[in-house]
Amino acid sequence: MADLRNRLVIEWRSPRTWRMNATTAARYPVVGIADAEPIPFPGFDRLVLGHAQLQAVMREHRYASWRTALSSVIGIYLITDTSDGRHYVGKADGEESIRQRWNAYATNGHGGNVELRGLDPSSFRFSLLRVFDPATPTRDIDAAESHFKDALDSRRHGLNRN
């Protein structure tokens, strides 16, 4: 419930009461939940998220602009297992945006990747290596993914099998 912190609006009965204990406060009716302050999108080249923050980005209203930005691009991303430093290079292409792909990781921790099953997603760090316009041909995205797998040696010393 951390996303609700500082947003509860109650019907305040006495304008002269500035402090109260929990049992008294529990009797005050809840009027609503205020909108969270939006958090501006930092840009694709500055995006580095832990798993818990990725989950927040995918569900909390304050990250709406982030979801819009991530929905507008496809590309190559990097997952780093911070417990041992191994990398997984992945891609979102075709009809699948970065947002759709990362939402799968936020939901189950492994996004359907065999290499990531059984690992603790709380140690994952997500970042973008390269973004593409959705009209980019698949062969260009495949070539970029292969390049980053080679450059980061994620097949031999990382979490990529192919």
**OP:** Could you list, in sequence order, all residues of region 55-112 that are at positive phi and touching a Leu at 6+ places or on another chain (Cβ under 9 Å)?
**Re:** GLY75, GLY109
Original post:
Among the residues of region 135-148, how many are loosely packed, with under 15 Cβ neighbours inside 10 Å and either without any contact (Cβ under 8 Å) to a residue 12 or more places away in the chain or not charged (D, E, K, R) (or both)?
Top reply: 7
Original post:
In region 67-105, how many residues are open to solvent by less than 60 Å² (accessible area, probe 1.4 Å), among the basic types (Lys, Arg) and assigned to a helix (DSSP H, G or I)?
Top reply: 2
Original post:
Among the numbered criteria (1) open to solvent by 70 Å² or more (accessible area, probe 1.4 Å); (2) at pLDDT 85 or above; (3) of a type in the set (S, T, N, Q); (4) assigned to a helix (DSSP H, G or I), which single criterion is violated by THR23?
Top reply: (2)
Original post:
Mind checking which residues of region 106-120 are over 21 Å from PHE44 (Cα atoms) and either at pLDDT 95 or above or assigned to a loop (DSSP other than H, G, I, E, B) (or both)?
Top reply: THR107, ASN108, GLY109, HIS110, GLY112, ASN113, LEU116, ARG117, GLY118, LEU119, ASP120
Original post:
So is GLU11 touching a Pro at 6+ places or on another chain (Cβ under 9 Å), of a type in the set (D, E, K, R) and open to solvent by 70 Å² or more (accessible area, probe 1.4 Å) or not?
Top reply: yes
Subject >> Subset of region 100-113 (residues that are over 14 Å from HIS51 (Cα atoms) and touching a strand residue (DSSP E or B) at 6+ places or on another chain (Cβ under 9 Å)) >> reply: GLN100, ASN113
Original post:
Restricting attention to region 133-161, which residues are of a type in the set (A, V, I, L, M, F, W, C) and touching an Asp or Glu at 6+ places or on another chain (Cβ under 7 Å)?
Top reply: ILE141, LEU159
**OP:** Take region 141-159 and flag every residue that is part of a loop (DSSP other than H, G, I, E, B) and either modelled with pLDDT under 95 or touching a strand residue (DSSP E or B) at 6+ places or on another chain (Cβ under 6 Å) (or both).
**Re:** LEU152, SER154, GLY158, LEU159
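The values are calculated or read from the model by the stated rules, or taken from the named source; none is laboratory data. Predicted model only: the values in this text are computed from it and were never measured. Glycine also receives a Cβ, built like all others from the backbone with ideal geometry; neighbour counts cover every protein chain displayed. Heads up: the accessible areas ignore ligands, DNA and RNA and are worked out on the full protein's heavy atoms, side chains in. Shrake-Rupley method; radii C 1.70, N 1.55, O 1.52, S 1.80 Å.
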